[in-house]
Structures are given as C-alpha cells and as structure tokens.
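These notes concern the structure reproduced below.
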Amino acid sequence: MKRCLLSLITLTSLTSAGALTLTGTLEGNAAPDLRLSGWAVKGSGQPVAELVSAAVKGGSFSLTLPTALPPAAAQSPVDNRISWPGLMDFGSASASAQATEMKFFVYRDANGNGQRDEGETMREVRLNTGRSFVFVVWVSNDVTVTGSNGYAVNLYKGWNALTVDVRSSVSVKPLDPKASITVNTGQ
C-alpha cells in the first residue's frame, strides 16, 4: 500500500438523539479491503472494543459514531488519571463522570467479514483538521474539564467530537461540521 490520505471528512449530526457521522474520501492507493475503525480504549490507550468501522470503497467511507454506552472495561473516572490529547496537568471536573476515549485505526479486512479479527494488523491513525486534531470522547453526564495552559472543555452526555489545538496554550472546541479533516494512514 502506498501513502494514503483520507480527506474531506465532515462531521454531521444525523438525529436528534445526537448520532454523529464522520464521512470522507480516500486519496492515494489503498488495499480494496481497507477499513477505518473507531475503538473504545482504556485510559492507557489500549483498544478494548471496536465500536464502529467502515470499508473504504471507491475512495469514500462513512462512520456513524455509536449512541450506545461504551464497554464498562473502557470507562474510567474523569479525574487526575485521564490522559487526553492536550491535557498536560488535570485541573478539575465540574461533576463526577465516567469517560471513554475513541481512537481510530485502519486495518485490512482480509476475510471480508466487516470486523477486525485476530491476525488483522491494526495501525492507529489520527484525524486532523488544519493544525488541530480531532478528539472523540464519551461521557456519562455533562461535565466541564479544565487543565493547565488554558485547557477547558464542556462535554455533554454521550459522544463528543472536538478539535484540540496545542500551542503555548491549549484550545479545545466542538468539531465544526464543515471542517476539512485529513487522516494520514502512513502508507
């Protein structure tokens, strides 16, 4: 596989229930069995469960983020043990909450069953928009999280898609539905 670039991903709200969809196109050459997947991860970043995946067909994909709760094994308290992008020193949480980060991976679905199986190597990828990167997190209830260097984010119960920009200060904002997002798969 050559270097691939997933681009023009947009986030759109599909329902009043808050389902979010990431859609995009693939530029470059990729295996016909390539899938982009979102995984619930432990606080350490270790993948626990594949929550969503989509085949990259005709250079396009669409991932609808789940509305269901992530597995309990991936949930952790929102406290000084969280290790989120851009959060260097945890400050506070406005309420008690559980959280699960979603990380994105690509893999070749060798047997074509639409899910990752043992032996199908995953590679983590990061979704970017300009100089910022996309951070997707689920929380059990509304909570505001603060940290050093201006880190402040209001999270709402369910899945949240945000952009994080780390410079001399940290800026965390809801992902703009019209943002142009790229994912470099490193191939």
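The values are calculated or read from the model by the stated rules, or taken from the named source; none is laboratory data. No experiment lies behind these values; they were computed from the predicted model shown. Each accessible area value is taken on the protein alone, full model and side chains, heavy atoms only, with ligands, DNA and RNA left out. Shrake-Rupley method; radii C 1.70, N 1.55, O 1.52, S 1.80 Å.
Put simply, the amide H of A49, placed in the peptide plane, has neighbours under 5 Å in A40, leaving out anything fewer than 5 places away on its chain. Against the compact-protein benchmark of 2.2 N^0.38 Å, the Cα-based radius of gyration of the stretch 111-187 scales to 1.36. For the chain, a Gaussian network of Cα nodes joined below 10 Å ranks T64, T129, T144 by mean-square fluctuation, and the top entry is T144.
Sequence gap at least 6, Cα distance under 8 Å: using those rules, report the relative contact order of the stretch 49-187 to the nearest whole percent. Provide the component values of the computation, followed by the final result.
Working: 256 pairs, mean separation 30.7, N = 139.
Relative contact order here is 22 percent.
Take D109: with every protein chain present and a 1.4 Å probe, its accessible area is about 10 Å². Measuring nothing but protein heavy atoms, the accessible surface of the chain at 1.4 Å probe radius is 48 percent carbon and sulfur.
Normalised by the residues of the stretch 55-130, what does the relative contact order come to in percent, with Cα pairs under 8 Å and at least six apart?
Numbers: 57 pairs, mean separation 17.4, N = 76.
23 percent.
For the stretch 42-103, the solvent-accessible area of protein heavy atoms averages 50 Å² per residue (probe radius 1.4 Å; ligands and nucleic acids excluded). Taking F104, F61, F135 in turn, the Gaussian network model of the chain (Cα-Cα springs below 10 Å) assigns the largest fluctuation to F61. Rounded to whole numbers, the Karplus 3J(HN,Hα) couplings from phi for the stretch 165-171 are 10, 10, 9, 5, 10, 10, 10 Hz, using 6.51 cos²θ - 1.76 cosθ + 1.60 with θ = phi - 60°, and x at Gly and Pro.
Over the stretch 130-187, what is the relative contact order in whole percent, taking alpha-carbon pairs under 8 Å and six or more residues apart?
Details: 91 pairs, mean separation 18.6, N = 58.
Taking the mean separation of contacting Cα pairs over the length of the stretch 130-187, I get 32 percent.
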